[in-house]
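Single-structure report; data block below.
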Amino acid sequence: MRVLVTGGAGFIGSNFIRFLLAHRPTWQILNVDKLTYAGNLENLKDLWDHPGYRFVQADICDRSLMDSLLSPPQGMDAVVNFAAETHVDRSLEDSFGFIQTNVVGTQTLLEVVRQRGVGRLLQISTDEVYGSLGPTGAFSEESPPCPNSPYAASKAAADFLLRAYAHTYRLPAIITRSSNNYGAYQFPEKLIPLLITSALADTPLPLYGDGLYVRDWLYVEDHCRALLQILESGRVGEIYNIGGSAEYTNLAVAQMILHELGKPESLIAFVADRPGHDRRYALDCQKIQQEFGWTPEHTFPDGLRSTIRWYVEHEDWWRRIQAGEYQEYYRRHYGPRLSAAADRGRVER
Ligand code: NAD
Ligand code: DAU
């Protein structure tokens with residue numbers, strides 16, 4: 001089996017490639033990644049010499065290049081599309097890149113897959129397309145999309161394009177929508193690695209608003225196992241939710257991390273909220289449970305402990321990222337928020 005994986009130098013994509021080559025050692029994987037700020041070839045360093053792994057630096061919006069990668073003699077049996085701009089906060093600053101990659105990039109892949117008759121396209125979407133929940137309930141695959149951020153809207157737009165291609169051209173495409181992933185190799189802008197690396201550096205752990213927003217946490221390896229099952233046996237034209245069944249408030253996550261690292265809760269800083277912040281996500285995953293018997297194998301406390309250990313043991317990896325473009329992003333995004341929180345603390349004292 002020849003599989004083109006896009007965005008394979010990012011967090012979930014790199015975990016997925018490693019998972020594929022461990023469980024399907026005869027498969028040929030071509031990783032196509034533009035290497036944006038979030039792409040990091042170091043994430044797959046252990047596979048550079050693997051005979052089943054190749055890498056091409058390319059933009060999924062480059063139609064002629066994508067066409068050449070999918071056309072004979074090379075050809076591909078399947079495409080798995082992880083490539084995306086993924087950080088909600090960055091989409092609030094400037095969403096043009098999100099529309100370009102997440103919408104135009106997906107459409108480019110759909111068109112090339114259609115023309116080259118590729119056997120299967122797996123689109124990695126997100127629970128954020130459903131919008132926000134109150135304190136109870138969960139989204140099923142039948143819930144109507146109601147995206148709230150430019151990021152979520154761009155992913156929902158891609159899902160609609162996929163639906164249209166599946167309906168009109170019978171394109172053999174499948175959409176997966178997962179909840180919040182965590183695990184090794186996650187870029188430190190996202191909540192869990194941000195909190196772990198901040199705690200390790202004894203710097204403030206910034207929580208937006210009251211810290212009581214809820215996410216459903218999915219260990220990345222459980223996600224990869226679900227994706228492989230869907231890639232091999234999922235029904236074309238379908239949507240599959242993949243959730244972690246592990247709802248926690250952001251405050252509870254911060255407290256668990258601080259407790260595990262033996263650091264004081266006084267490091268938590270409540271900062272100005274994210275505009276339009278979705279209060280709660282939760283997924284109904286009966287479909288994937290019934291079709292594949294899939295359920296998460298890792299509990300959140302166990303997965304979180306392994307993740308913390310990984311960041312402790314890979315300090316070089318995240319320190320190198322923090323020394324680059326990220327520094328400027330961190331200053332711009334958190335500088336005023338953290339100063340305001342510190343001023344408030346002084347007044348309250
Ligand atoms: P990430 O930001 O860690 O990685 C994204 C990768 O895509 C990077 O390697 C980047 O270089 C690459 N990329 C970006 N634009 C590209 C382009 N135009 N052409 C080729 N490559 C490009 O993201 P992630 O967290 O690993 O997410 C992967 C996918 O999973 C995304 O589609 C995201 O929407 C989806 N998703 C993520 C989560 C999560 O919790 N992280 C949950 C649900 C769904
Ligand atoms: O739900 C799936 C989505 O999960 C994916 O589609 C996205 O690509 C991924 O980034 C993630 O989106 P979130 O916005 O939920 O993740 P993030 O890590 O940015 O934030 C998680 C929660 O933590 C959210 O309630 C916002 C909050 N948060 C985040 C940051 C970065 C804070 O309180 N402080 C922070 O500094």
Number of positions in the stretch 210-219 that are closer than 23 Å to Gly243 by Cβ and either at pLDDT below 95 or not in a strand (DSSP E or B) (or both): 3
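Okay, residues lined up against (1) in contact with a helix residue (DSSP H, G or I) (Cβ under 7 Å, 6 or more places away or on another chain); (2) among the hydroxyl-bearing types (Ser, Thr, Tyr); (3) free of Cβ contacts under 8 Å to residues at least 12 places away in the same chain:
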| residue | (1), (2), (3) |
| --- | --- |
| Arg2 | no, no, no |
| Gly8 | yes, no, no |
| Gln28 | no, no, no |
| Gly39 | no, no, no |
| Asn43 | yes, no, no |
| Asp49 | no, no, yes |
Which condition does Ile17 not pass, out of (1) within 18 Å of Arg120 (Cβ to Cβ); (2) assigned to a strand (DSSP E or B); (3) within 14 Å of ligand 1 (Cβ to nearest atom), if it passes all the others? (2)
Does Pro73 qualify as being free of Cβ contacts under 8 Å to residues at least 24 places away in the same chain and in a loop (DSSP other than H, G, I, E, B)? yes
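Return the residue satisfying two criteria in turn: it lies in the stretch 146-161 and is of a type in the set (Gly, Ala, Ser) and part of a helix (DSSP H, G or I), and of such residues it is farthest from ligand 2 (Cβ to nearest atom).
To start, the set of residues in the stretch 146-161 that are of a type in the set (Gly, Ala, Ser) comprises 149, 152-154, 156-158.
Narrowing the set further to residues that are part of a helix (DSSP H, G or I) leaves 152-154, 156-158.
Numbers: Ala152: 7, Ala153: 12, Ser154: 10, Ala156: 11, Ala157: 14, Ala158: 12 Å.
That would be Ala157.
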Among the residues listed as Val271, Val253, Val214, the single one being more than 28 Å from Val5 (Cβ to Cβ), surrounded by 14 or more Cβ atoms within 10 Å (Cβ to Cβ) and within 14 Å of ligand 1 (Cβ to nearest atom): Val253
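Table: residues versus (1) within 21 Å of Pro172 (Cβ to Cβ); (2) at pLDDT below 95; (3) crowded, with 22+ Cβ neighbours inside 10 Å.
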residue	(1), (2), (3)
Val88	no, no, no
Glu93	no, no, no
Thr106	yes, no, yes
Leu110	yes, no, yes
Arg116	yes, no, no
Leu121	yes, no, yes
Ser125	yes, no, yes
Glu128	no, no, yes
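Which residues, counting only those in the stretch 20-37, are charged (D, E, K, R) and either over 15 Å from the mean Cα position of the chain (by Cα) or more than 6 Å from ligand 1 (Cβ to nearest atom) (or both)? Full working, then the answer.
In the first step, residues of the stretch 20-37 are kept if they are charged (D, E, K, R); the result is 24, 33-34.
Once the filter is applied, which keeps residues that are charged (D, E, K, R) and either over 15 Å from the mean Cα position of the chain (by Cα) or more than 6 Å from ligand 1 (Cβ to nearest atom) (or both), the stretch 20-37 yields Arg24, Lys34.
Only residues that are touching a residue at least 40 places away in the same chain (Cβ under 8 Å), part of a helix (DSSP H, G or I) and farther than 13 Å from Trp217 by Cβ: list them for the stretch 168-194, please. It would help to see each step written out before you state the result.
The initial filter retains those residues of the stretch 168-194 that are touching a residue at least 40 places away in the same chain (Cβ under 8 Å), namely 169, 171-193.
Adding the requirement that they be part of a helix (DSSP H, G or I) leaves 169, 191-193.
Within the stretch 168-194, just Tyr169 meets the criteria.
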Taking the stretch 46-75 as the search range and keeping residues that are more than 12 Å from ligand 1 (Cβ to nearest atom) and either of a type in the set (Ser, Thr, Tyr) or under 20 Å from the mean Cα position of the chain (by Cα) (or both), which one is surrounded by the most Cβ atoms within 10 Å (Cβ to Cβ)? Tyr53
Which condition number does Ala269 fail, the rest of (1) closer than 13 Å to Leu195 by Cβ; (2) in a helix (DSSP H, G or I) being met? (2)
In this structure, is Phe82 buried (at least 17 other Cβ atoms within 10 Å of the Cβ), touching a residue at least 60 places away in the same chain (Cβ under 8 Å) and within 30 Å of Arg274 (Cβ to Cβ)? yes
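If I go through the stretch 295-309 residue by residue, how many of them are part of a helix (DSSP H, G or I) and surrounded by 17 or more Cβ atoms within 10 Å (Cβ to Cβ)? Full working, then the answer.
Looking only at the stretch 295-309, we keep the residues that are part of a helix (DSSP H, G or I), and these are 300-309.
Cutting the leftovers down to surrounded by 17 or more Cβ atoms within 10 Å (Cβ to Cβ) gives us 300, 303-304, 307-308.
Residues that pass the stated criteria total 5.
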In this structure, does Ala199 turn out to be of a type in the set (A, V, I, L, M), buried (at least 22 other Cβ atoms within 10 Å of the Cβ) and under 17 Å from the mean Cα position of the chain (by Cα)? no
Every listed condition ((1) farther than 20 Å from Arg63 by Cβ; (2) touching a Gly at 6+ places or on another chain (Cβ under 6 Å); (3) not hydroxyl-bearing (Ser, Thr, Tyr)) holds for Asn31 save (1)
Answer from Tyr219, Tyr281, Tyr240 - the residue that is touching a His at 6+ places or on another chain (Cβ under 7 Å) and not aliphatic (A, V, I, L, M): Tyr219
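The values are calculated or read from the model by the stated rules, or taken from the named source; none is laboratory data. Small disclaimer: the values here were computed from a predicted structure and weren't measured. When we count neighbours, we look across all protein chains shown, and the Cβ atoms used for this are built from the backbone with ideal geometry, even at glycine.
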